[in-house]
Each structure stands twice: as structure tokens, then as C-alpha cells.
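The values are calculated or read from the model by the stated rules, or taken from the named source; none is laboratory data. Keep in mind that what you see is a predicted model, and the values were worked out from it rather than measured. Cβ atoms come from the backbone with ideal geometry, glycine included; neighbour counts cover every protein chain shown. Please note that ligands, DNA and RNA were not included when accessible areas were found on the heavy atoms of the full protein model with its side chains. Shrake-Rupley method; radii C 1.70, N 1.55, O 1.52, S 1.80 Å.
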Amino acid sequence: MYNKAILMGRICNDLELKTVPSGASVLSFRLAVDRSYQIKGEERKADFFNIVAWRSTAEFISRYFAKGRMILVEGELQTRQYIDKNGSTQNIVELVVNTAHFTGEKATNSNSNSNNYGGYNPPPPANTAANAAAPAISSGSTSDFVETGSDDDYPF
């Protein structure tokens, strides 16, 4: 059997990383996903999904994302039941995240340290001997090319 869902949308609420008694980190939030169509004369509609992330994935999301930010999540759909304060049984469907991805959305703040990854600054490349030995790139000219014989020499 196969259970996989991929959603891309905007985070609807402030993110609050919690820790369960076993010590695992957990993060729950709602995701607004625009529908792919719009009825003429009406505002575009969105669907709202419950999202749950655990452990390092929860920590990653809470660190690099915030309310209103676009995120792509991949995971499995799961259902669970709970009893509300009126004593009624409620069923919930939620996406349990396996991986989360940046969408390439530009950061909205004017922080000079932020980049196209929404504030995530990857470490600079290591200064290895291979990088140091690489030749410098210079602009060339047509004199760098050698004229060959006739077109009959080529197999295509």
C-alpha cells in the first residue's frame, strides 16, 4: 500500500515547538493551500490542512519558517480520533511530515543577512586545495577557436 502526500502552501499560525514527555520535539500547524482554479468573479479559494512534524523535522521547520511563509511538505496522511469538550468523538485527518522544503520564495524582511532562502544562510564553501587550484575564468574571444575542415567530417 502507498500513502504519500505533497502540499505547498502558507503557514497559517505562529509556530510553537513543543516537547512530549518522551523528549521528542513536535510541531503542529495549519497550512493554507490555494486551489488550482478560480471561478470568474469570485475570490480564489483555499483549503486548510492540519500538519504535524516530529523530532529534527519539527526543529527545522520551527527554526527556518514562520507564519505566512510558503513551505512544501511531504509526508503521510493519518487519521485519529479524540473526544471534544462536549463528549462528541471527532475525527481528524493530518499530514505527518517526513520532509520539508524551501520553496524559493524571497524573504519579506529587509534584513541584509537574508537571502532567497528566507533567512537560511548556508555555510560558505570550504577552501579546499581543489577549489584553490581551479583556474580563473577569463573572457575569451573568437581567436580561441580553431576552424575545422568541411562539414563532411562530422558524423551528424
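Using only the heavy atoms of the protein chains and a 1.4 Å probe, how would Ser22, Ser62 rank by accessible area, largest first? Could the numbers behind the result be given before it?
Details: Ser22 105, Ser62 40 Å².
From most accessible down to least: Ser22, Ser62.
Extending 7 Å from Cα along the Cβ direction at Thr19 and again at Asn50 yields two label points whose distance is 2.5 nm.
On the accessible surface of the stretch 8-83, probed at 1.4 Å, how many percent belong to carbon and sulfur atoms? Carbon and sulfur together cover 48 percent of it.
With the whole protein complex present, Phe49 retains an accessible surface near 70 Å², based on a 1.4 Å probe. Pairs of Cα atoms in the stretch 27-106 fall into 10 Å distance bins, from 0 up to the last occupied one, in shares of 15, 40, 29, 15, 1 percent. Its Cα gyration tensor gives the stretch 1-50 an equivalent ellipsoid; the semi-axes, largest first and in whole Å, are 31, 16, 6. Listed by chain and number, the lysines whose C-alpha is less than 26 Å from the C-alpha of Lys67, apart from same-chain residues fewer than 8 away, are Lys4, Lys18, Lys45, Lys106.
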